[in-house]
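S.K.: Can you keep this structure in mind? I'll have questions shortly.
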Amino acid sequence: MSSSQHWIATAGGPLQGTLSIPGDKSVSHRAVMFAALADGVSRIEGFLEGEDTRATAAIFQQLGVRIETPTPSQRIVHGVGVDGLRAPTGDLDCGNAGTGMRLLAGLLAAQPFDSVLVGDESLSRRPMRRVTGPLARMGARIQTEADGTPPLRVQGGQALTGIDYELPVASAQVKSALLLAGLYATGETRIREPHPTRDYTERMLRAFGVEIDFPPGEARLAGGQRLRATDIVVPADFSSAAFFLVAASIIPGSGLRLQRVGLNPRRTGLLAALRLMGADIVEENHASQGGEPVADLVVRHAPLHGAEIPEELVPDMIDEFPALFIAAAAASSPTVVSGAAELRVKESDRLAAMSAGLRTLGLRVDETPDGATIFPGQLGAGTIESHGDHRIAMSFAVAGQLARGEVRINDIANVATSFPGFDALATGAGFGLSVRD
């Protein structure tokens with residue numbers, strides 16, 4: 001999609017069918033990274049063919065790793081071992097991927113060579129001191145711009161030492177960066193969190209043979225370990241499934257089955273929140289893929305009521321809040337969100353952007369520093385600025401299904417970073433959604 005393209009979302013029909021959601025972005029990033037660092041050849045099935053994850057794969061190719069693509073969504077990674085990466089000849093472009101940049105900061109801090117991590121316009125505005133600060137305590141030397149934003153200039157050849165560190169703000173990305181640096185550090189690295197966050201890194205490191213302990217809210221590993229190649233099947237991305245869970249819940253007559261969706265317990269806060277609001281979502285065919293729990297999600301339309309979202313759910317649904325705002329807009333009473341200040345430093349200030357978008361469509365939203373109260377009502381027509389944020393764009397594509405009139409959504413290019421083919425899958429299920437130049 002070019003940056004000039006936009007969507008027109010209008011009320012479609014009831015959503016019906018069985019959908020295959022693309023692979024989990026977080027798992028895809030880590031699968032390529034850890035396979036590259038492993039001894040031996042790893043095969044990845046269900047790899048997300050998105051711009052973010054392709055950027056991560058391309059970076060490892062620049063670092064000397066051979067990666068084959070036999071078919072779309074497959075990768076064969078010829079690992080070079082933890083000590084086998086080669087110095088790149090140019091900057092390493094993470095695109096829009098905050099996950100890629102933050103995890104790579106931890107990994108590259110331990111290498112014998114210098115490197116520079118850059119990103120697109122959106123990523124270049126995102127704060128990086130929360131990861132460069134604790135890495136510096138381990139002995140890393142990483143320069144940012146004066147305001148703490150990318151590019152990240154990583155000075156190689158530093159001897160790292162394990163730390164016992166309590167994260168001031170819960171962040172799976174920062175935790176993961178420190179654990180990757182910890183693989184190369186002397187002694188033990190122990191990370192403690194104010195709230196438990198997603199444990200994709202921990203689960204997958206264990207799948208690659210690393211000894212790591214991760215009781216809720218903590219992770220620790222000893223440096224000097226090697227990774228063993230393994231085959232990974234990437235589950236369907238819960239954050240991508242979220243838009244269809246909300247859409248089918250709020251559009252009368254809808255019934256969808258979403259196949260083999262990843263249900264990592266640190267990721268599924270939205271499931272609990274939607275059920276609290278009265279959603280009809282059933283889990284079937286439970287299984288495990290790549291160390292991750294998966295299940296089919298069967299969702300049917302149900303009248304939603306507002307709720308006060310428990311703060312303990314917030315860390316487990318941080319990427320799903322834009323979709324939750326749309327569910328709240330369609331409920332029968334107000335919904336209150338608090339404890340979500342993290343949303344102000346995502347791809348955009350999601351609290352501000354979602355609140356402004358709903359106001360544009362005629363609703364009342366009262367913002368607070370760490371949340372909002374959403375007052376439901378009939379959505380009208382309007383033009384939404386997505387601020388280059390893929391999750392905001394997709395959320396308002398859902399909102400358009402209940403609007404009176406057309407909802408125009410600008411700046412949709414970054415949808416391809418996480419959910420290539422969203423519009424085709426959505427229209428196939430019954431959305432009223434078209435791409436315009």
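Bear in mind that the values in this text are calculations on the coordinates, not laboratory data. Quick caveat: nothing in here was measured; it's all calculated off a predicted structure. As a convention, Cβ positions derive from the backbone with ideal geometry for all residues, glycine included, and neighbour counts pool all protein chains shown.
S.K.: Semi-axes of the range 25-233's equivalent ellipsoid from the Cα gyration tensor, sqrt of 5 times each eigenvalue, largest first, rounded to whole Å?
M.R.: Values for the range 25-233, descending: 23, 20, 17 Å.
S.K.: When N counts the residues of the range 48-115, how does its alpha-carbon radius of gyration compare numerically with 2.2 N^0.38 Å, as a ratio?
M.R.: Rg over 2.2 N^0.38 Å, computed on Cα atoms: 1.09.
S.K.: Another question, if that's okay. Could you list which residues have their amide H under 5 Å from that of LEU160, counting only those 5 or more apart in sequence or on another chain, with H placed in the peptide plane?
M.R.: THR186
S.K.: Sticking with this structure for a sec: Each residue of the range 74-90 in turn: what ³J(HN,Hα) in whole Hz from Karplus with 6.51, -1.76, 1.60 and θ = phi - 60°, glycine and Pro shown as x?
M.R.: 10, 9, 10, 10, 8, x, 10, x, 5, 10, x, 5, 10, 4, x, 8, x
S.K.: Now, a different point. Short version: ³J(HN,Hα) in whole Hz for each residue of the range 326-331, in order, from phi by Karplus 6.51 cos²θ - 1.76 cosθ + 1.60 (θ = phi - 60°), x for Gly and Pro, what are they?
M.R.: 6, 4, 5, 5, 9, 7
S.K.: Counting only residues 5 or more places away or on other chains, whose amide H sits under 5 Å from the amide H of TYR165 once H atoms are built in the peptide plane?
M.R.: ARG190, ILE191, ARG192
S.K.: While we're looking at this one, here's another question. Quick check: convex hull of the Cα atoms in the range 151-285, volume per residue, rounded to a whole Å³?
M.R.: 155 Å³
S.K.: Hey, another quick one. Roughly how tilted is helix 172-184, in degrees to the nearest 10 and between 0 and 90, from the longest Cα axis of the chain?
M.R.: It is inclined by approximately 10 degrees.
S.K.: In a solvent-free Debye calculation with one equal scatterer on each Cα, what is log10 I(q)/I(0) for the range 60-158 at q = 0.13 Å⁻¹, listed in the order of the q values?
M.R.: Ignoring solvent entirely, the Cα scatterers give -0.47.
S.K.: Pull up all non-local amide H partners of GLY306: gap of 5 or more, or a different chain, and H-to-H distance under 5 Å with H placed in the peptide plane.
M.R.: Here SER332, SER333 satisfy the definition.
S.K.: Moving on to the next point. I want the antiparallel fraction of DSSP beta bridges within the chain, as a percent rounded to 5.
M.R.: Percent antiparallel among DSSP bridges in the chain is about 70.
S.K.: Which angle between 0 and 90 degrees, to the nearest 10, do you get for helix 390-399 versus the longest principal axis of the chain when only C-alpha atoms count?
M.R.: Around 20 degrees separate the two axes.
S.K.: Over all pairs of distinct alpha carbons, what does the Kirkwood formula give as the hydrodynamic radius of the range 253-362, in Å?
M.R.: Roughly 14.9 Å, rounded to one decimal.
S.K.: Moving on to the next point. Quick one: which of 119-125, 353-359 comes out on top by average Cβ neighbours within 10 Å, and what's the full order, highest first?
M.R.: Listed from highest to lowest mean packing, they are 353-359, 119-125.
S.K.: Using only the Cα atoms of the range 330-425, what do you get for the radius of gyration and for Dmax, in Å?
M.R.: 13.2, 36
S.K.: What residue among PRO293, PHE34, VAL65 has its Cα farthest toward the positive end of the dipole of the chain, where the charges are +1 on Lys, Arg and -1 on Asp, Glu, each on the Cβ?
M.R.: Working it through, the farthest residue towards the positive pole turns out to be VAL65.
S.K.: Modelled label-to-label distance, ASP437 and ARG275, 7 Å Cα→beta-carbon offset: nm?
M.R.: A separation of 4.8 nm, rounded to one decimal place.
S.K.: Let me ask something else about it. Dipole of the range 25-233, Cα-centred, from +1 at each Lys and Arg C-beta and -1 at each Asp and Glu C-beta, to the nearest 20 debye?
M.R.: 180 debye
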